[in-house]
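The values are calculated or read from the model by the stated rules, or taken from the named source; none is laboratory data. Everything numeric in this text was worked out from a predicted model, so none of it was measured. Reconstructed Cβ throughout: ideal geometry from the backbone, glycine too, with neighbour counts over all protein chains shown. Surface accessibility is based on the protein's heavy atoms, side chains included, excluding ligands, DNA and RNA. Shrake-Rupley method; radii C 1.70, N 1.55, O 1.52, S 1.80 Å.
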Amino acid sequence: MSNSDDNLLASVFEERAEYLSATELAEWTVELPQDSRILAKLKGPGAKLLSGPRGSGKSSYLRRAYFEMLDENKTLPAYVNFSRSLALEPIFHTRTDAAAIFRQWVIAKILVGLTIAIEEYGELSTELKRVHDVALELIHALERGDSPPDDQKKWAPSQLLAFITSTADDYGFRRTNLLLDDAAHAFSAEQQREFFEVFRELRSRSVACKAAVYPGITSYSPNFHVGHEAELVDVWLDPDSDHYCELMHHIVSQRLPSDLSSVLLQSPILIDYLAYAASGLPRSFLVMVSSVLHVDSTAVSTVKRKDADAAVSANSQSVVQLFTSLSKKLPRYGHFVVVGQELIGRMAELLRTFNQNRSVRKKAVVVAISSPLDQELERILGLLEYAGIVRDLGTVSRGVKGVFQRYRLHYSVVVDDNCLNLGQSRSLEKMVEALSSRDAHAFARSRGTTLLGEDYRSRCVLDLAPCPSCGAARVSDDARFCMKCGTELLDTSVYEQLLRTDISELPLTQKRVQSIKKESSIQSVQDILVDEESTQIRGVAKIGPVWAARIRTLAEEYVSV
């Protein structure tokens, strides 16, 4: 395979839309029923928050809106990606002015995004070129961990708003839309609150912010009220929606080269199986498809059931591992993650029991928990929703039996844990039938204490590091000095810890991790990121362009979201 073929294949299976060109997005995007509504909100006035778990399509919508507005030449769009925000997290442990520095980084990123968009229409003026260069230099310095220059101009959000308005007016635009990707994904609550303060202040009749957020974990500032400050737009595709599988078939036909798509299209039931296992997340579907087709090894002429089962099982493990990784990214919630792992197992067990004697078309994939939920259980379910393991379907009343909050379990977990209770020799046809034709009103009821035990709330406590001097427990998450001896309480940097993490923590199979460690010098997440040209990783057996790009993406996501 030539280098050009390698690059094409890597692009075809690139799961992150922010890395795709306008041409690739246009050629490979399959139109969904919700697309016109969501894109209209992104291209129109008013603040919007795109909500969905990782891989649900938020970046794709923002990029598509950006390119469409460039073509329409009516609204000035600025696409800004904040995925590197966690790189600034260490300064919150070393500087008292960290929040102010982070704010300048956010503003600098927006200035660069704005000038890049204007450059699409022609050459930048001398002043805009200077603004771009100064802002870009500041971004690089802060992401390296350097201190900002003392003579660096400090921008207030109001000044940025005035600059955006006047610049857009100079180029003949009456409105500017700021498309802020990976905006609230940093796991530093201080960063998130600071970001939303800037977001709230960048609001006028001529400027509108649109930002991508995660459900369950996003921390808004005290002055930011979702629904009032910005409209929440859910982008997570519903696998129960009409024509869902048909859309996934179109993805196969439209995105894959003909030699690959023809192989997969020979088994339409297998595509349906993978489609449902993706649980409405296009990125997961592409990962499983690439695995079934063995895109980084010998080309296949037929697809095998065992490969599909292995891909679904790997996807189930991947979403669960994404959840468990929160114990490192959000160390204060480590105990919540442990209890959350128990909850996944209990929900799966409850569904298995519920479905034991039910016909194929009467199976349930939804667990309904008695409402109101305890605060601790709400936090656990929010973390599970971030990972895509559960999806909040809202409340339902059952009269005297009470009100229940419904959560649908990720279909990969449902299949891998045999929650449908179809037996060990279950056919693809029966699994697809059970997921596509099931009773939409069927669910297994329970209570938080029934699922997790009467003592689960006492186990859901914040995991706060004690005082390094006297060992006394911290009184709160934001305590800065020990209440017993007065010693300053310094937290270790989450970002630096994540860089040092062993690659076994990434959602990779144990066999692949072992081969990487044995056949290259790569041991930690940082080693993958330093290998910028992927020369080390590409030297490992059975790792071609697709898996090399995917492993790097996994490492980048691990330290950025």
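Of all residues in region 357-395, those satisfying the criterion of being over 22 Å from residue 458 (Cα atoms), in contact with a Lys or Arg (Cβ under 6 Å, 6 or more places away or on another chain) and not charged (D, E, K, R) are 360, 365, 366, 368, 393. Among the residues making up region 39-84, those that are modelled with pLDDT under 95, in contact with a Phe, Trp or Tyr (Cβ under 8 Å, 6 or more places away or on another chain) and of a type in the set (S, T, N, Q) are 51, 56, 73. Limited to region 537-556, what total is found for residues that are outside any loop (DSSP other than H, G, I, E, B) and either free of Cβ contacts under 8 Å to residues at least 12 places away in the same chain or over 25 Å from the mean Cα position of the chain (by Cα) (or both)? Residues that pass the stated criteria total 1. Taking the criterion of being surrounded by fewer than 22 Cβ atoms within 10 Å (Cβ to Cβ) and either touching a Cys at 6+ places or on another chain (Cβ under 6 Å) or of a type in the set (S, T, N, Q) (or both), would at least one residue in region 277-294 satisfy it? Yes, region 277-294 contains a residue that is surrounded by fewer than 22 Cβ atoms within 10 Å (Cβ to Cβ) and either touching a Cys at 6+ places or on another chain (Cβ under 6 Å) or of a type in the set (S, T, N, Q) (or both).
Starting from residues that are basic (Lys, Arg) and over 30 Å from residue 183 (Cα atoms), keep the ones in region 512-561 and report whichever is surrounded by the fewest Cβ atoms within 10 Å (Cβ to Cβ). Only one residue fits best here, namely 518.
Confirm whether residue 86 is in contact (Cβ under 8 Å) with a residue 12 or more places away in the chain and buried (at least 21 other Cβ atoms within 10 Å of the Cβ). Taking the combined requirement at face value, the residue satisfies it. Sort out which residues of region 92-127 are of a type in the set (A, V, I, L, M) and open to solvent by 10 Å² or more (accessible area, probe 1.4 Å), and write them in order of number. Correct list: 99, 100, 101, 112, 116, 124.
Residue-level check: of (1) without any contact (Cβ under 8 Å) to a residue 40 or more places away in the chain; (2) aliphatic (A, V, I, L, M); (3) open to solvent by less than 10 Å² (accessible area, probe 1.4 Å), residue 160 misses just (1).
Close Cβ contacts (under 9 Å, 6 or more residues apart or on different chains) running from residues in region 26-37 that are open to solvent by less than 80 Å² (accessible area, probe 1.4 Å) to residues that are in a loop (DSSP other than H, G, I, E, B) and at pLDDT below 80 comprise 28/20; 35/29. When 265, 293, 281 are screened for being over 30 Å from residue 370 (Cα atoms) and either touching a Leu at 6+ places or on another chain (Cβ under 8 Å) or not hydrophobic (A, V, I, L, M, F, W, C) (or both), only 293 passes. Applying the criterion of at least 2 residues that are over 27 Å from the mean Cα position of the chain (by Cα) and closer than 26 Å to residue 332 by Cα to the helices (runs of 4 or more DSSP H) found wholly in region 122-240 leaves an empty list.
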